[in-house]
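The values are calculated or read from the model by the stated rules, or taken from the named source; none is laboratory data. The shown structure was predicted, so the numbers you read here are calculated from the model rather than taken from an experiment. For neighbour counting, all protein chains shown are included, and Cβ atoms are generated from backbone atoms with ideal geometry for every residue, glycine included. Just the protein is used for accessible areas: all its heavy atoms, side chains included, with ligands, DNA and RNA removed. Shrake-Rupley method; radii C 1.70, N 1.55, O 1.52, S 1.80 Å.
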Amino acid sequence: MNGLEHKNKILVIADDAPESELALLFAARRAKHSDTRLSILFMIEPQSFEHWMSVEDAIRAEAYEDAEDHLARYAAWAFEEAGLVAELIIREGRRADQIKAQISEDKDIFLLVLGASDSKEGPGPLVESLAHNPDYLGARPIPVAIVPGRMTREDIRKLS
């Protein structure tokens, strides 16, 4: 392992949804209390501008800047809440495909944490995808913790 200690990881998905922040809080506290590492994954959905490559390049660069900003903020929260230095990951592609790929490529990931929206429209696309098609986790299924969007930060602190 190149001299690095093998240690399990908790993978949390970052985006701009409020429930994502709650999922991060839960994941960071679980990682701290279970002596595991924390990985934060931000995904950039592909956009196609086939005839306007310069526009596509500008949009992609802006998307990466946005991803880096989100991850920096999430990393700061993880450190503030749990004293953890998180692994920050950016992947580009369809969300379900990228989660599956990350879990498949990183054998240390043993838990996926998602935030569920409390919206009337449903729990959100990732939670809904998992409920309808658990195979999207791939050949190496792992447990999934879903943090309800109605929980408070204090509720999560008590739980984790």
Practice item. Mind giving me the FRET efficiency for T152 and A72? R0 is 25 Å, r the Cβ-Cβ distance, nearest 0.05 is fine. Key: 0.50
Study note, to complete from the structure: Of every hundred units of 1.4 Å-probe accessible area on the range 53-92, the number belonging to carbon and sulfur atoms, as a percent, is 54
Revision key, fill the gap. Links exceeding 19 Å between C-alpha atoms in this model, out of K107/K158; K32/K100; K9/K32; K9/K100; K7/K158, come to K107/K158; K32/K100; K7/K158
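At 0.36 nm per residue, minus the direct Cα-Cα distance, what do F79 and E128 gain on full extension? Give it in nm, one decimal, please.
The F79-E128 span can extend by a further 14.7 nm.
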Exercise for review: Please work out the FRET efficiency for the pair R140 and R94, using the Cβ-Cβ distance as r and a Förster radius of 22 Å; give the result to the nearest 0.05.
Suggested key: 0.70
Review point. Which whole-number value in Å² is the accessible area per residue of the range 9-48, probe 1.4 Å?
Key: 36
Exercise for review: Could you pull out which residues in the range 88-113 have an amide N less than 17 Å from a spot 7 Å beyond the Cα of E56, following the Cα-Cβ vector?
Suggested key: 92-94
